[in-house]
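What follows is a short report on a single structure.
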Amino acid sequence: MTTSLKAMAAAAAAASSTMLGLASAPAALAGTVPAAAHPTGHGTVTYHFNGKCLDDNQGSGTDGTKVQIWTCNGNARSQEWTRYSDGTLRIHGKCLDVTGRSTRLGAEVEIWTCNGGSNQQWRIEQVSQNDFGPIVGVGSGNALADPGHSNTNGTQLKMGRYRGDQTLQPWHVSFHHYHH
């Protein structure tokens, strides 16, 4: 092969590898890939006003399953949540998810395959020195809410207004370390 043909072949191979995502990262980017998320806590999430638990409807684990309140029933499989280092709350390997990546008040909450979206990341907060507080969606800045402070099993959770310490959506996360 002539020098120009070798150069063209090398350039074509490099372009082909890049399009397939096989090209190696520049040295400056080495080591910047985040570590895989790992569990940081496991247990139940209870609504402070009525003592009901955050529940995966029928413990299904299927994408699109509504997340609801339900009478706590001794750490049932449908009420055991795990917090991960990436800010997600998971059950059955799926993430607590704001439907359709919505940022609006009243958006419904479901479980969905974890995809790294900000609609699946949550901040657990504390009201004053209490062992409860709002669970805030990172993508919307809204709080996880039990609409109307319902006592009815099966009420689908939605996103409500976040007002810091004045948020009327207090949750107790059994595996969160509250400061006293």
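The values are calculated or read from the model by the stated rules, or taken from the named source; none is laboratory data. Note that this is a predicted model, so its numbers are computed, not measured. Please note: Cβ atoms are built from the backbone with ideal geometry, for glycine as well, and neighbour counts cover all protein chains shown.
Here are the numbers for this structure:
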| quantity | calculated |
| --- | --- |
| Residue in the stretch 145-159 that is on the phi > 0 side of the Ramachandran plot and either polar (S, T, N, Q) or free of Cβ contacts under 8 Å to residues at least 24 places away in the same chain (or both) present | yes |
| Residues (modelled with pLDDT under 90 and surrounded by 20 or more Cβ atoms within 10 Å (Cβ to Cβ)) located in the stretch 141-166 | none |
| Close pairs from the stretch 165-180: first within 13 Å of Asn142 (Cα to Cα) and assigned to a loop (DSSP other than H, G, I, E, B), partner of a type in the set (D, E, K, R) and modelled with pLDDT under 75, Cβ under 8 Å, at least 6 apart | none |
| Residues (small (Gly, Ala, Ser), touching a strand residue (DSSP E or B) at 6+ places or on another chain (Cβ under 7 Å) and closer than 21 Å to Ala36 by Cβ) located in the stretch 62-102 | Ser85, Gly87 |
| Among the candidates Asn151, Asn115, residue that is assigned to a loop (DSSP other than H, G, I, E, B) and within 14 Å of Gly87 (Cα to Cα) | Asn115 |
| The listed residue being β-branched (Val, Ile, Thr), out of contact with any Cys (no Cβ under 9 Å at 6 or more places or on another chain), under 21 Å from Asp63 (Cα atoms) and surrounded by 14 or more Cβ atoms within 10 Å (Cβ to Cβ), out of Val138, Val173, Val127 | Val138 |
| Only listed residue being at pLDDT 95 or above and in a loop (DSSP other than H, G, I, E, B), chosen from Gly64, Gly51 | Gly64 |
| Residue ID - modelled with the lowest pLDDT, chosen from residues in the stretch 30-48 that are surrounded by 10 or more Cβ atoms within 10 Å (Cβ to Cβ) and part of a loop (DSSP other than H, G, I, E, B) | His48 |
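Listed here are the residues, each with its yes/no results for (1) closer than 24 Å to Thr71 by Cα; (2) of a type in the set (Ser, Thr, Tyr); (3) within 14 Å of the chain's Cα centre (by Cα).
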{"position": "Ser128", "(1), (2), (3)": "no, yes, no"}
{"position": "Gly133", "(1), (2), (3)": "yes, no, no"}
{"position": "Gly141", "(1), (2), (3)": "no, no, yes"}
{"position": "Gly148", "(1), (2), (3)": "yes, no, no"}
{"position": "Arg163", "(1), (2), (3)": "no, no, no"}
{"position": "Gln166", "(1), (2), (3)": "no, no, no"}
{"position": "Trp171", "(1), (2), (3)": "yes, no, no"}
